[in-house]
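Taken together, the values in this text are just the output of simple stated rules run on the coordinates, not laboratory data. All of these numbers come straight from a predicted model, not from anything done at the bench. Positions of Cβ are backbone-derived with ideal geometry, glycine not excepted, and every protein chain shown enters the neighbour counts.
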Amino acid sequence: MKIINLKKNLGMFALDIKYMELERGCIHGFIGENGSGKTTTAKLIAGILKPDEGEILYDGLCSREITMTSQKPYMLHTSVYENLVYPLKIRGIKPNETEIEAALEKHGLLEKKKQYARSLSSGEQQKLSILRALIFKPEFVIVDETLSNLSAESLSLFENLILEIQKISSITWIIISHQPHIINELCDNVHFFSNGQLIESGKKEYVFFNPEKPIVKAYMQRQAFGTVKAR
Amino acid sequence: MDFLNETISLFSDAGIVNAVNVTLIMSAFSVAISSLLGIALGILLEQCNFPGKRMIIRLNRTLLAFPPVVVGLIVYLLLMRNGPLGAFSLLFTIKGMIIAQTIIITPIITSMVYSFAVKAAPAIRVFAATMGATKQQTNILIVKEMKYEIYFAIITGFGRSISEVGSVMLVGGNIEGRTRTMTTAISMLKSQGIYTEGVALGIILLAFAFILQWAAECFQKRESEDENY
């Protein structure tokens, strides 16, 4: 996937990305300060926002194969189960009950299958939103700070789930997070944003542990990225 | 005992039963038409951006405060024999009353649905986009997610319809057995000094209002987040 001369003006904030390449089948980490353009870029890729200028070359990827989860996921006014199977229903796919129950059980949501989804805790809602995003087996998944509110145990489960999926399929992921250990555990490539621009982009080993640009170096030191050891 | 018998006989009085029937038929049809128009207009207004949108919203809000008796007068002038729609012979019929009621209720439902949609629809639309929903699936989801708010708007419209008197008096003419509603009957009975039947009709209206409010409250209760399915 390539992004060329992408511009988006949101009034108080303007995004301007000259060129960006997202290798298919890899896990990409988006890092940067709050308001640096990570989420806006992700929303443009997901088709939630339309660019003012420039283009995104999807390399044959259809918009229905891209999904995104956010920090405050939207829960439908219905049960946990109905929330989970919504992406299947709109695609006319019959839910595989055994598979669904196994996924819910693994993530501690089986007992809450018939519960009103909005009555779940924020961590449980985030777990449900990730499972819901993955249930229709998308080609491209954007996880925007969704892993932040999870307990250490749930986070480890999801990290393993993402890595397991990655072993058997070639999904492309964008993980947006302020937590260095999540980026380090999961990502192959890291992209650093600042003031609506892409500053540095490349393999994690370089951007994460040996950045070229001083602004990236300073950010890494502030966020204590340097204290994280290479995977 | 005599009082009880008198009350029972009042409720089984053909005139009262007929007024209740006319009121319910008129309200049901006018609310059904207004709901279809109001829901579609409310959601379209939220979705579309076009020049003059703010003016339409302002105009719709103005219509909320439009006196029903003036609506009745306008519809009367349109439907009278020499009026532009006189050929349809709708004056002093339930159909004519439904037209007047639809004009009164549609802005109420439109305004309520629009207000709810402004708050809820953007998040639903973003969610639907991330799930890969088509435009049609997104619109269906918006209506589904707002169903309780929409029910509430419909109930409010129905409440307004059964309690309206000015326009139905003018357009319907308060003809016994044909266009006499509960409210026009009460108005007439009062002017004739017949208070017992008037109070009986008032009690029925009050009962309807209570049931409607109860239903509206039930729909609002779904916000309680501990509800289980």
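Figures for the structure shown
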| quantity | calculated |
| --- | --- |
| Charge context of residue A:19, other residues only, Cβ under 12 angstrom, K/R +1, D/E -1 | -1 |
| Approximate spin-label separation residue B:137-residue B:163, in nm, with each point projected 7 Å along Cα-to-Cβ | 4.3 |
| Sparse-neighbourhood loop sites, GluC sites (Glu not before Pro) in the stretch A:136-231 - DSSP loop, at most 12 other Cβ within 10 angstrom | A:212 |
| Proximal lysines relative to residue B:95, as straight alpha-carbon distance under 27 Å, when same-chain residues fewer than 8 apart are discounted | B:190 |
| Residue-by-residue Karplus 3J(HN,Hα) for the stretch A:41-54, coefficients 6.51, -1.76, 1.60, Hz, glycine and proline x | 4, 4, 5, 5, 5, 6, x, 6, 10, 9, x, 6, 9, x |
| Listed residue (B:86, B:163, B:114) projecting farthest to the positive dipole end of the stretch B:2-223, Cβ model | B:114 |
| Cross-link partners of residue A:213 among lysines (Cα-Cα below 29 Å; sequence separation of 8 or more within a chain) | A:2, A:7, A:8, A:18, A:38, A:43, A:203, A:204, A:229 |
| Summed side-chain charge close to residue B:97 - residues other than residue B:97 whose Cβ falls under 13 Å, Lys, Arg +1, Asp, Glu -1 | +2 |
| Principal-axis tilt of helix A:152-168 within chain A, Cα atoms, nearest 10 degrees | 80 |
| Overall form of the protein assembly as shown per C-alpha gyration tensor (a/c, 1.5; a/b vs b/c) | prolate |
| Lys, Arg +1 and Asp, Glu -1 on Cβ, resulting dipole of the protein assembly as shown about Cα centre, debye, nearest 20 | 1060 |
| Expected 222 nm ellipticity per residue - DSSP helices of 4 or more, -39500 (n - 2.57), all of the protein assembly as shown, to 500 | -18000 deg cm²/dmol |
| Candidate lysines - alpha carbon under 28 Å from residue A:114, same-chain residues fewer than 8 apart omitted | A:72, A:89, A:94, A:106, A:127, A:137, B:119, B:144, B:147, B:221 |
| Charge sum, other residues only, whose C-beta stays under 15 Å from residue B:52's C-beta, Lys/Arg counted +1 and Asp/Glu -1 | +4 |
| Estimated inter-spin distance, residue B:196 and residue B:73, nm [label 7 Å along Cα→Cβ] | 3.8 |
| Chain B: relative contact order in percent, alpha carbon pairs under 8 Å with at least 6 residues between | 29 |
| Farthest toward positive dipole pole in chain A [+1 Lys/Arg, -1 Asp/Glu at C-beta], among A:162, A:66, A:216 | A:66 |
| In Hz, Karplus ³J(HN,Hα) per residue of the stretch B:112-123 (6.51, -1.76, 1.60; θ = phi - 60°; x = Gly, Pro) | 5, 5, 4, 4, 5, 5, 4, 7, 9, 4, x, 5 |
| On Cα atoms only, tilt of B:2-11 relative to the major axis of chain B in degrees | 60 |
| Stretch gain in nm, segment residue A:10-residue A:98, where the contour uses 0.36 nm per residue and the Cα spacing is subtracted | 27.2 nm |
| Magnitude of the charge dipole, chain B, Cβ model with Lys/Arg +1 and Asp/Glu -1, debye to 20 | 1100 |
| Rough spin-label spacing in nm, given labels placed 7 Å along Cα→Cβ, for residue A:197 and residue A:58 | 3.0 |
